[in-house]
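**Q** Below is one structure. I have some questions about it.
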Amino acid sequence: MDRLLTGLQPSGSLTIGNYCGGISQVTKYQNEYETFLFVPDMHAITVPQDPVALQKNIKQAVGMYLACGVDATLDNMHIYVQSENLYHANLSWILECHSYFGELTRMHQFKMKSQKNESFTSGLVTYPVLMAADILLYDAKYVPTGIDQKQHVELARNLAERFNNKYNGNFFTVPEPMIPEVGAKIRDLVNPENKMSKSTDNPKASIFLLDTEKDIRKKIMSAKTDSDTLVAFDEENKPGVSNLLTIYSVFAGVTIEEAVAKFDGANYGELKRTTADVLVEKLMAFQDKYNEIMASGIVDEAMDKGREYTNEIAAKKYDEIRRAVGFGRV
Ligand code: AQP
């Protein structure tokens, strides 16, 4: 079985964007690939976090993976917390010493996040290298991701090739991004030019998986559209309307063409109401399942099982890599 790997930062409650770009692909392919699904808590601290909230978010993230349909009982499903495996940081250091400052500061996400804060940590610059370590440690072939993280997967590819060439061996599998056809960039509801993010300053801009029915309806009904009246899919000229069509398409389980046909002749109000109805139906069912899961012990059980398995694999890979670079004694 080829390996697939992804993680969603526990930097807040997950959004429907995180679902579309990340989790939905795990549930789609979980019977086909050996899946490494982790909680990247070490990535989350690249921007300030409240430690109490972070710990809560870690467990909640796993609860959300499971409530979205990830099957922790599969033998080929490994769910784990990044900081519970020390090899991620060790490999990251070796890879940092094979990456260039220039290539890291050119990353879009770094530019965007560093502009938001007057001062930022060096972790914000180097975290794509940690992400490369997360992926390369397990020889993952596929990395489900939204558009925003594609550049980071490309860095992981470059580092794998650079390392393999430098040390003359097939040390790392070169990974490929797996980008969904629909929903690779769910947009911010207030500024649809931007992507939807969980750590947004404006809660009206994002729909969180744990939002109440009232909030979901309010946010969708006030989502920015345009001064036109035609419901059409045109991401460049009608990003707000196209975003609503995309959300409808993902959550109603139809193609974009089917969504456009459904709203042929409809006004923006109808598009918004129907999109809100579909979202409410799916997210309320999700929340019932989530509450059940959080009240059981299965979240900890899944994380314990995943920690043991992934530590074993990571230890072997790290040992191979540290020898290649000349660490240790002869
Ligand atoms: N708006 C989005 N549309 C589609 N996919 C998205 N992803 C994130 N936002 C969207 C995908 O979700 C997965 C997990 O991402 P992450 O949590 O590791 O970090 P992120 O990409 O930085 O996500 P956020 O929500 O924007 O988090 P914050 O606000 O903390 O930075 C990835 O597969 C990502 O592509």
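**Q** Among Val260, Leu230, Gly240, flag the residue with its Cα farthest along the positive direction of the charge dipole of segment 213-291, charges on Cβ as +1 for Lys/Arg and -1 for Asp/Glu.
**A** Most positive-ward Cα: Gly240.
**Q** Could you give the size of the charge dipole of segment 213-291 about its Cα centre, using +1 on the Cβ of each K and R and -1 on the Cβ of each D and E, expressed in debye and rounded to the nearest 20?
**A** 440 debye
**Q** While we're here: Could you run the Karplus curve 6.51 cos²θ - 1.76 cosθ + 1.60 with θ = phi - 60° over segment 201-214 and give me ³J(HN,Hα) per residue in whole Hz, x for Gly and Pro?
**A** The phi angles translate into 7, 10, x, 6, 7, 10, 9, 8, 4, 9, 4, 6, 4, 4 Hz.
**Q** Suppose accessible area is computed on protein heavy atoms with a 1.4 Å probe; arrange Tyr167, Tyr248 from highest to lowest.
**A** Reading off the accessible areas and sorting them downward yields Tyr167, Tyr248.
**Q** Ok, one more. Residue by residue through segment 226-236, what is 3J(HN,Hα) from phi via Karplus (6.51 cos²θ - 1.76 cosθ + 1.60, θ = phi - 60°)? Round to whole Hz and write x for glycine and proline.
**A** 7, 8, 6, 10, 7, 7, 8, 8, 8, 4, 6
**Q** Can you sort Phe208, Phe101 by solvent-accessible area, 1.4 Å probe, largest first?
**A** Phe101, Phe208
**Q** Given Thr73, Asn170, Gly297, which one lies farthest toward the positive end of the charge dipole of the chain, if we put +1 on the Cβ of every Lys and Arg and -1 on the Cβ of every Asp and Glu?
**A** Checking the options against the dipole of the chain, the answer is Asn170.
**Q** What residue among Cys20, Cys68, Cys97 shows peak mean-square fluctuation when the chain is described by a Gaussian network model with Cα springs under 10 Å?
**A** Sorting by GNM fluctuation, first place goes to Cys97.
**Q** Expressed as a rounded percentage, what relative contact order does the chain have, with Cα pairs under 8 Å and six or more residues apart?
**A** 22 percent.
**Q** Add +1 for every Lys or Arg and -1 for every Asp or Glu among the other residues with Cβ under 13 Å from the Cβ of Asn76, and state the total.
**A** -3
**Q** Ordering Glu235, Glu34 by how much accessible area each has at a 1.4 Å probe, largest first, what is the list?
**A** Glu235, Glu34
**Q** How large is ³J(HN,Hα), in whole Hz, for each residue of segment 127-139 in order, when computed from phi with the Karplus curve 6.51 cos²θ - 1.76 cosθ + 1.60 and θ = phi - 60°, using x for Gly and Pro?
**A** Listing the rounded values in order: 5, x, 6, 4, 5, 5, 4, 3, 7, 6, 4, 10, 6 Hz.
**Q** A further question on this structure: Given a 1.4 Å probe and every protein chain left where it sits, what share in percent of the accessible area of the chain is carbon and sulfur?
**A** Its accessible area is 49 percent carbon and sulfur atoms.
**Q** Shifting gears a bit: Mind checking the dipole of the chain: about its Cα centre, +1 per Lys or Arg Cβ, -1 per Asp or Glu Cβ, Debye to the nearest 20?
**A** 740 debye
**Q** Could you tell me the accessible area of Asp50 in Å² (1.4 Å probe, neighbours in place), rounded to the nearest ten?
**A** Rounded to the nearest 10, the figure is 90 Å².
**Q** Could you pull the Cα extents of segment 213-291 along its three principal axes, largest to smallest, in whole Å?
**A** 41, 24, 21
**Q** Based on the Cβ-Cβ distance from Asp234 to Ala324, what FRET efficiency comes out when R0 is 30 Å, to the nearest 0.05?
**A** Taking R0 as 30 Å, the efficiency between Asp234 and Ala324 is 0.05.
**Q** Note the full-extension length gain between Glu258 and Ile298 as 0.36 nm times their separation in residues minus their Cα-Cα distance, in nm to one decimal.
**A** Stretched fully, the Glu258-Ile298 segment lengthens by 10.6 nm.
**Q** Among Phe251, Thr274, Met284, whose Cα lies farthest out toward the positive end of the dipole of segment 213-291, if unit charges sit on the beta carbon of Lys, Arg (+1) and Asp, Glu (-1)?
**A** Towards the positive end, the residue furthest out is Met284.
**Q** So, one more: Please list, ordered by chain and number, the residues whose modelled amide H lies under 5 Å from the amide H of Met178; skip anything fewer than 5 residues away on the same chain.
**A** Val143, Thr145
**Q** Another question, if that's okay. Once you charge only the Cβ atoms, +1 for Lys and Arg and -1 for Asp and Glu, what is the size of the charge dipole of segment 1-116 about its Cα centre, to the nearest 20 debye?
**A** So the dipole magnitude of segment 1-116 works out to roughly 520 debye.
**Q** What residues qualify as long-range amide H neighbours of Thr15, i.e. H under 5 Å apart, gap of 5 or more or another chain, H built at 1.01 Å from N?
**A** Amide H to amide H, under 5 Å and 5 or more residues apart or across chains, Thr15 pairs with Leu209.
**Q** With an 8 Å cut-off on Cα pairs and a minimum separation of 6 or more residues, tell me the relative contact order of segment 213-291 in percent.
**A** It comes to 38 percent, rounded to a whole number.
**Q** Would you mind checking which residues have amide H under 5 Å from Asp139's amide H? H placed 1.01 Å from N; only 5 or more apart, or other chain.
**A** Those qualifying (amide H under 5 Å, at least 5 residues apart or on another chain) are Thr173.
**Q** Taking Cα atoms, how many degrees apart are the long axis of helix 298-325 and the longest axis of the chain, rounded to 10 and kept between 0 and 90?
**A** With rounding to tens, the tilt is 50 degrees.
**Q** Okay, moving on. Would you kindly compute the Cα radius of gyration of the chain and its largest Cα-Cα separation (Dmax), both in Å?
**A** Just the Cα atoms of the chain yield Rg and Dmax of 20.4, 75 Å.
**Q** For the modelled label position 7 Å from the Cα of Ala53 along Cα-to-Cβ, which residues of segment 1-31 have backbone nitrogen atoms closer than 17 Å?
**A** 9-15
**Q** Something else now. Residues of segment 213-291: accessible area per residue at 1.4 Å, in Å²?
**A** Using a 1.4 Å probe on heavy atoms only, each residue of segment 213-291 averages 51 Å².
**Q** With every protein chain present, what accessible area does Tyr29 have (1.4 Å probe, heavy atoms only), rounded to the nearest 10 Å²?
**A** 50 Å²
**Q** Continuing with this model, one more query. Compute the acute angle (0 to 90°) between the alpha-carbon long axis of helix 239-252 and the principal axis of greatest extent of the alpha-carbon atoms of the chain; round to the nearest 10°.
**A** Here the helix axis deviates by roughly 80 degrees.
**Q** Which residue, Met178, Met131, Met284, has the most motion in a Gaussian network model of the chain that connects Cα atoms within less than 10 Å?
**A** Met284
**Q** Add -39500 (n - 2.57) for each DSSP H run of 4 or more in the chain, then divide by its residues: what number comes out at 222 nm, to the nearest 500 deg cm²/dmol?
**A** -16000 deg cm²/dmol
The values are calculated or read from the model by the stated rules, or taken from the named source; none is laboratory data. These numbers were taken from a predicted model, which means no experiment stands behind them. Here the Cβ is made from the backbone with ideal geometry for all residues, glycine too, and neighbour counts use every protein chain on show. To get the accessible areas, we keep the full protein, side chains included, count just its heavy atoms, and leave off ligands, DNA and RNA. Shrake-Rupley method; radii C 1.70, N 1.55, O 1.52, S 1.80 Å.
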